[in-house]
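The values are calculated or read from the model by the stated rules, or taken from the named source; none is laboratory data. This is a predicted model, so every value here is computed, not measured. Cβ atoms come from the backbone with ideal geometry, glycine included; neighbour counts cover every protein chain shown. SASA here: full protein model, heavy atoms, side chains in, ligands and nucleic acids out. Shrake-Rupley method; radii C 1.70, N 1.55, O 1.52, S 1.80 Å.
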Amino acid sequence: MDEHDPRRRIPRTDALLRLPRVAAAAQALSDGVVRTIVRGVQERARAGELAPEDVEAAVITAVEGRRTSSLRPVINATGVIIHTNLGRAPLSPAARTALADAAGYVDVELDMGSGQRSRRGAAARAALLAACPTAEDALIVNNGAAALVLATTAFAAGREVLISRGEFVEIGAGFRLSDLIESTGARLREVGTTNRTRCEDYAAAMGEATGCILKVHPSNFRVSGFTAEATLPELARLAGARAVPLIADLGSGLLSADPALPAEPDLDSALRSGADLVIASGDKLLGGPQAGLLLGRADLIARLSRHPLARAVRADKLALAALEATLSGPEAPVARALHTDPEALRARTEAFAEDLRARLAAQPHPRQGPGPDSAALAVVPHNGRTGGGGGAEVPLPGWALRLPEAAARALRTGEPAVLPRVHDGACLIDLRCVPDETQPALLAAAAAALTATGEP
Ligand SMILES: *Cc1c(COP(=O)(O)O)cnc(C)c1O
């Protein structure tokens, strides 16, 4: 490199780190992250992509703009309550507080009175049993899939799991429950057909090798037409006579029957119907953190708790804290969204549309010509959905604000980020899953998006 090479003018790392704005922003970041940013900018300058005199400014911008968590909060304006891509259930205020409290040292496994070690997560377990008194005992693990793996390993490794052909569920992103179960060393013994399975089919398949009977609720699809399935009471008689556990994987985690979702099984009813063990997720219709819930017979829960795999799938302190608070606190956002009154949603959406029109009329339009044609904003019927959490195909009647489709991208990439529903050439804003306190931010975001796209 000769002395006229511009690369000689690229500022050195220590000089960049000493810049007051870099040093200030770096306080919120790890040394490694800051050095990686600095090195990256220097390399761009060395490659000729950046002039040496622009290096300082580029480093300042990059360091100041770097956040320690890149997960961004998103306003869910889709009307889909359990949105898998948005992290499923939003936590209740009580659960959020509990999470923050549990972030430091907590007595998750300690009895402060005696100073002795205590049963991990005892309070979350007690809250779960209080919410579902039909269960004799409960165990909380990492997620629904882990609960299923633990149960099938403990009861059927090297043996057979009896399962209906109609219940081979793919839970999303290519994960199939059948693959999951087989990964435990249990063999799947398929009974019946895709559309019809009777209790006799299970009875015919029962034998020495049967480890358990598994009934899976197809939470994300519905079989209709010429169909039949064995009921839990029938299967309970069969399983009871042979002393094998009857496990019901319900998926959604509805604690008790909900009139809004008539076809959705709940933990209480499944246990009353004779399931020995029920499995559900914490972050679907229960409205809590990611967790796998196992509830049912005390002797079976005890076997699961003692299994070595239980240690590998245990719930962390944050999930235990949030789950207890979800169950003990006021109604969680998921339940509120599910029970939204369509007329109240319509009134709220009309008022939101009115506010948006007023806001657009008040602001100068950046382009030539007439300002935003606020009449183009229309409140239209729009069905919400429970989403990946259960209640497949059950429409939740409601309303949405229709905007031009071009607003969708501006909303997604704006600050705060908003996810609307894009459907039929329109961008739909459904307020079902938007908390009241978030509505002003959504209003500002919608106005900005419409202004940016020059529409309506
Ligand atoms: C969602 C679901 C699972 C998986 O639960 P995760 O908490 O996502 O691991 C298992 N079984 C059924 C029926 C489900 O709906």
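General observations
- Prolate/oblate/rounded label for the range 90-146 (Cα gyration tensor, a/c 1.5): oblate
- Mean projection area, nm², convex hull over Cα of the range 1-92: 8.8
- Extension reserve of the Glu331-Val394 stretch, reckoned as 0.36 nm per residue once the Cα distance is removed: 20.5 nm
- Residue (of Tyr202, Leu300, Leu411) at the positive-pole extreme of the chain, dipole from beta-carbon charges: Leu300
- Residue-wise HN-Hα coupling along the range 179-196, computed from phi with Karplus coefficients 6.51, -1.76, 1.60 (Hz; x: Gly, Pro): 5, 4, 5, 5, 5, 8, x, 7, 9, 7, 10, 6, 10, x, 10, 4, 9, 9
- In the context of the full set of protein chains, the chain has a per residue accessible area of 49 Å² (1.4 Å probe).
- For the range 40-147: rounded, prolate or oblate by the Cα gyration tensor [a/c cutoff 1.5]: prolate
- Point-charge dipole on Cβ atoms (K/R +1, D/E -1) for the chain, about Cα centre, debye to 20: 740
- Summarising the amide proton neighbourhood of Asp137: residues at separation of 5 or more, or on other chains, whose placed amide H is nearer than 5 Å comprise Gly296, Ala298.
- Dipole magnitude of the range 96-177, debye to nearest 20 (Cβ charges: Lys/Arg +1, Asp/Glu -1, about Cα centre): 140
- Amide hydrogen proximity for Glu160: with H placed 1.01 Å from N in the peptide plane, the residues at 5 or more positions away or on another chain lying under 5 Å are Arg187, Thr210, Gly211, Cys212.
- Note on the chain: helix-only mean residue ellipticity at 222 nm, from DSSP H runs of 4+ residues weighted -39500 (n - 2.57) and normalised by residue number, equals -11500 deg cm²/dmol.
- Per-residue ³J(HN,Hα) for the range 126-136, Karplus 6.51 cos²θ - 1.76 cosθ + 1.60, θ = phi - 60°, Hz, x for Gly and Pro: 5, 5, 5, 5, 5, 7, 9, x, 5, 7, 6
- Ranked by the mean number of other Cβ atoms within 10 Å of their residues, highest first, the peptides 334-346, 426-438 fall in the order 426-438, 334-346.
- Packing order of peptides 204-210, 397-403, highest average first: 397-403, 204-210 (average count of other Cβ atoms within 10 Å over each peptide's residues).
- Cα gyration tensor, the range 189-284 - rounded (a/c under 1.5), prolate or oblate: oblate
- Top positive-direction residue, dipole computed over the chain with Cβ charges, set Ala400, Pro435, Pro20: Pro20
- Share of carbon and sulfur in the accessible heavy-atom surface of the range 105-156 [1.4 Å probe, %]: 52
- Computed over the alpha-carbon atoms, the range 79-202 gives an Rg to Rh ratio of 1.06, Rh here being the Kirkwood radius from the mean inverse distance.
- The calculated FRET efficiency for the pair Arg35 and Leu71, based on their C-beta separation and a Förster distance of 22 Å, comes to about 0.40.
- Under the Karplus curve 6.51 cos²θ - 1.76 cosθ + 1.60, θ = phi - 60°, whole-Hz ³J(HN,Hα) for the range 297-302, x wherever Gly or Pro sits: 4, 4, 5, 6, 4, 5
- The stretch between Leu443 and Arg306, if pulled fully straight at 0.36 nm per residue, gains 44.1 nm over its current Cα-Cα span.
- Based on the convex hull around the alpha carbon atoms, the range 247-371 presents an average projected area of 12.8 nm².
- Three principal axis lengths of the chain [C-alpha, angstrom, descending]: 86, 58, 48
- The share of Cα pairs per 5 Å bin across the range 221-268, counted from zero up to the longest distance, runs 5, 17, 20, 22, 22, 12, 3, 0 percent.
- Positive-end residue of Gly388, Val63, Val38, charge dipole of the chain with Cβ unit charges: Val38
- Helix axis angle, 93-102 relative to the chain longest principal axis, alpha carbon, degrees: 90
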